[in-house]
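What follows is a set of notes on a single structure, which appears directly below.
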Amino acid sequence: DTGVSQNPRHKITKRGQNVTFRCDPISEHNRLYWYRQTLGQGPEFLTYFQNEAQLEKSRLLSDRFSAERPKGSFSTLEIQRTEQGDSAMYLCASSLGSGGSYGDTQYFGPGTRLTVL
Amino acid sequence: AQTVTQSQPEMSVQEAETVTLSCTYDTSENNYYLFWYKQPPSRQMILVIRQEAYKQQNATENRFSVNFQKAAKSFSLKISDSQLGDTAMYFCAFMFGGTASKLTFGTGTRLQVTL
């Protein structure tokens, strides 16, 4: 029973470059979340998928950020034209939800640490 | 919008002792869930305990228990018989029980367990 995996674990890039992160949720989990965590802070919600549908996006997710979850399995988070302020840990979580019920426990991956030089 | 406040940035406890971490939240909702997550140094976040707001009974998980005071909007975590492996950042988190599934986190409490 594997947990949530994220790749790469670390990414160093120069300002202005594009980066893409991948998240593989726990098998059969239908809900997937992205969060961003900066040093000394708690994670902040970015976006949420139920199956392949992106149901909610935070105002933190500027137009340089895009997330996808094709076929309702793995998800990618792309940041275009990176800025130094994008340096953070990007966390992915997944959960198993049924119908209109909520409150399901989210299981987190190890995160991708992004450093923008 | 919901907010979560953890007023203790750092705490220390000796091994085998008991420690309580504080968390308060602000919401106008009645249907919600509360969580404590643990994030060990350089390791991923894991769930410690969860509480449904509609349940009056405080949740317990082995050495971990909560004191849920709904009227006061308080959700503290008690760790009994502290172990070195409990050293970590602890985050309190809120989830609205309606249409949104996102977690709103506090800023965390860094707990150090010493010999």
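The values are calculated or read from the model by the stated rules, or taken from the named source; none is laboratory data. As the structure is a prediction and not an experimental result, all values here were calculated from the model. Virtual Cβ from ideal backbone geometry, glycine too; neighbours counted across all protein chains shown. Keep in mind that these areas ignore ligands, DNA and RNA; they rest on the heavy atoms of the full protein, side chains included. Shrake-Rupley method; radii C 1.70, N 1.55, O 1.52, S 1.80 Å.
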**Asked** What order do A:Ile26, B:Ile49 take when sorted by accessible area (1.4 Å probe), most exposed first?
**Response** A:Ile26, B:Ile49
**Fill in**
Computed ³J(HN,Hα) along region B:71-81: with the Karplus parameters 6.51/-1.76/1.60, θ = phi - 60°, integer Hz and x for glycine or proline, the list is 5, 7, 6, 10, 8, 8, 10, 10, 10, 9, 6
**Request:** Would you mind checking which residues have amide H under 5 Å from B:Ser76's amide H? H placed 1.01 Å from N; only 5 or more apart, or other chain.
**Result:** B:Cys23, B:Asn67, B:Gln69
**Asked** Rg to Rh for region B:28-74: what is it, with Cα atoms only and Rh by Kirkwood?
**Response** 1.03
**nm² value of the averaged projected area, convex hull over the Cα atoms of chain B** = 6.9
**Request:** Enter the mean number of other protein chain beta carbons within 10 Å of the beta carbon of each residue in A:33-42, as an integer.
**Result:** 4
**Item:** A:Arg81 - accessible surface, heavy atoms, 1.4 Å probe, Å² rounded to 10
**Value:** 120
**Message:** Over 22 Å between Cα atoms: which of A:Lys57/B:Lys73; A:Lys14/B:Lys38; B:Lys73/B:Lys102; B:Lys70/B:Lys102; B:Lys38/B:Lys102; A:Lys57/B:Lys38 fall into that group?
**Reply:** A:Lys57/B:Lys73; A:Lys14/B:Lys38; A:Lys57/B:Lys38
**Request:** Using Cα pairs closer than 8 Å and at least 6 residues apart in sequence, work out the relative contact order for region B:9-115, in percent.
**Result:** 38
**Shielding of B:32-41 by partner chains, average beta-carbon count, 10 Å** = 2
**Asked** Which residues' amide hydrogens lie under 5 Å from the amide hydrogen of A:Gly103, considering only partners 5 or more residues apart or on another chain, with H built in the peptide plane?
**Response** none
**Message:** Among DSSP bridges having both ends in chain B, what percentage is antiparallel? Round to the nearest 5.
**Reply:** 90
**Request:** Run a plain Debye calculation on region A:17-117 (Cα atoms as equal point scatterers, no solvent) and give log10 I(q)/I(0) at q = 0.19, 0.20 Å⁻¹, rounded to two decimals, same order as the q list.
**Result:** -0.90, -0.99
**Prompt:** Once amide H atoms are placed 1.01 Å from N in the peptide plane, what residues at a sequence separation of 5 or more from B:Asn31, or on another chain, have their amide H within under 5 Å of its amide H?
**Reply:** B:Gly97
**Asked** At q = 0.08, 0.09, 0.11, 0.12 Å⁻¹, what base-10 log of I(q)/I(0) does the Debye formula yield for the protein assembly as shown when every alpha carbon is treated as an equal point scatterer in vacuo?
**Response** -0.30, -0.38, -0.56, -0.67
**Prompt:** Of all DSSP beta bridges located in the protein assembly as shown, what percent are antiparallel, nearest 5?
**Reply:** 90
**Hz values of 3J(HN,Hα) by residue in region A:30-44 - Karplus curve (6.51, -1.76, 1.60), Gly and Pro given as x** = 8, 10, 9, 10, 10, 10, 10, 10, 9, 4, x, 10, x, x, 10
